[in-house]
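Scroll down for the structure; my scribbles are underneath it.
The values are calculated or read from the model by the stated rules, or taken from the named source; none is laboratory data. All values derive from a computational prediction rather than experimental measurement. Note that we place each Cβ from the backbone using ideal geometry, even for glycine, and neighbour counts take in every protein chain shown. Quick note on the areas: whole protein, heavy atoms, side chains included, nothing else; ligands and nucleic acids left out. Shrake-Rupley method; radii C 1.70, N 1.55, O 1.52, S 1.80 Å.
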Amino acid sequence: MIMQIKGKVKFPITLDIGTWIFDDRKVDLDTYFDEEKQETSQEEAYLKKTGKYFDKAMAEGADPQAAVRTKPKFKRHHLKTGTFGIPVGLFIQNAEPLEDAEKIVFETKNGPVAYPLEMAGHLIAAFSIKGEALKEDGPLHILLDDGSNRENPVKYVTGMRIE
């Protein structure tokens, strides 16, 4: 369950899909499409969280054990039974596409599937259904974040490249 992001990027990235279940950036696909979406970027959310911590540290003093006491986003039982995905844009952003890059291509068993690079922030890589890895038609499914292809995702995704 190793996959690469390659092509027109500054930093080719190797992804270990098996570890995504522990990633706090994952989303619960059982509820994701029904929730009201907030129009904030990952960077903006990070800055808000950091600002709150800084304000608290200035008012009350630093608490070095705060990171140790953070509550997990999902309970263990839910991790074993839930359906999860992770936004593709997070990885594309870290790979830093070159200026002449125009599209993201998903390599599948049925041939390549391409999207404009601007859509990378609207794509979700589903990696588990009901607590199980996508072994038969995976390792990934690609979904649009509006849920429009929820019933018919891109399946058998084995790689990503930027062209």
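Along the Cα→Cβ direction, 7 angstrom out, place labels at T14 and Y53. What is the inter-label distance in nm?
2.9
How much accessible surface area, in Å² rounded to 10, belongs to the heavy atoms of T158 with a 1.4 Å probe?
For T158, the solvent-accessible surface is approximately 80 Å².
Just grab the label-to-label distance for R150 and Y46, each label 7 Å out from Cα along the Cβ direction, in nm (one decimal).
Once both label points are built, they end up 3.0 nm from each other.
Order these peptides, 150-157, 14-21, by their mean beta-carbon neighbour count within 10 angstrom, highest first.
150-157, 14-21
Can you run phi through the Karplus equation (6.51, -1.76, 1.60; θ = phi - 60°) for segment 24-33 and list ³J(HN,Hα) in whole Hz, with x for Gly and Pro?
Once θ is set to phi - 60°, the couplings for segment 24-33 become 5, 8, 5, 10, 7, 6, 6, 10, 4, 6 Hz.
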